[in-house]
Amino acid sequence: MIIMRATELRIGNLVKDINGAIFKIRQENLCDFANGFIKVEPVPLTEELLLTFGFKNNRLGLFDCVKVGDDIGYHIYFIGKHLKEVQYVHQLQNLYFALIGDELTIN
């Protein structure tokens, strides 16, 4: 079990609970953040999840997600500019929100 910092998460982020079930952080989960940490695991970013977010051929509008060699995560490009490597769904969701101002949701 990974204990994540509350500052890494936003309402709407997808994470795994202690039983491995994926759930969305909601307003009522905020009480779990009382000490600044929450007992959840990040959801690894996979090609299957990219498809559920609407990526086609690892592209979503202005975003490209590229798997490079043996890297664990995906390299994220925005309008052709490399931004960072992300390993987890919540990182991609947060990056998308920061750049676009809208939630990255499952189609």
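The values are calculated or read from the model by the stated rules, or taken from the named source; none is laboratory data. Predicted model, so just to flag it, every value in this text is computed and none were measured. As a convention, Cβ positions derive from the backbone with ideal geometry for all residues, glycine included, and neighbour counts pool all protein chains shown.
What to note about this one:
- The residues of the stretch 83-107 that are in the same structural domain as Ile72 (by TED's automatic domain parsing), of a type in the set (S, T, N, Q) and in contact with a Gly (Cβ under 6 Å, 6 or more places away or on another chain) amount to a single one, Gln87.
- Annotation note: Cβ proximity below 8 Å between a residue of the stretch 96-107 that is without any contact (Cβ under 8 Å) to a residue 24 or more places away in the chain and outside any helix (DSSP H, G or I) and a residue that is among the hydroxyl-bearing types (Ser, Thr, Tyr) and surrounded by 14 or more Cβ atoms within 10 Å (Cβ to Cβ) (sequence gap 6+ or interchain) occurs for Asp102/Tyr96.
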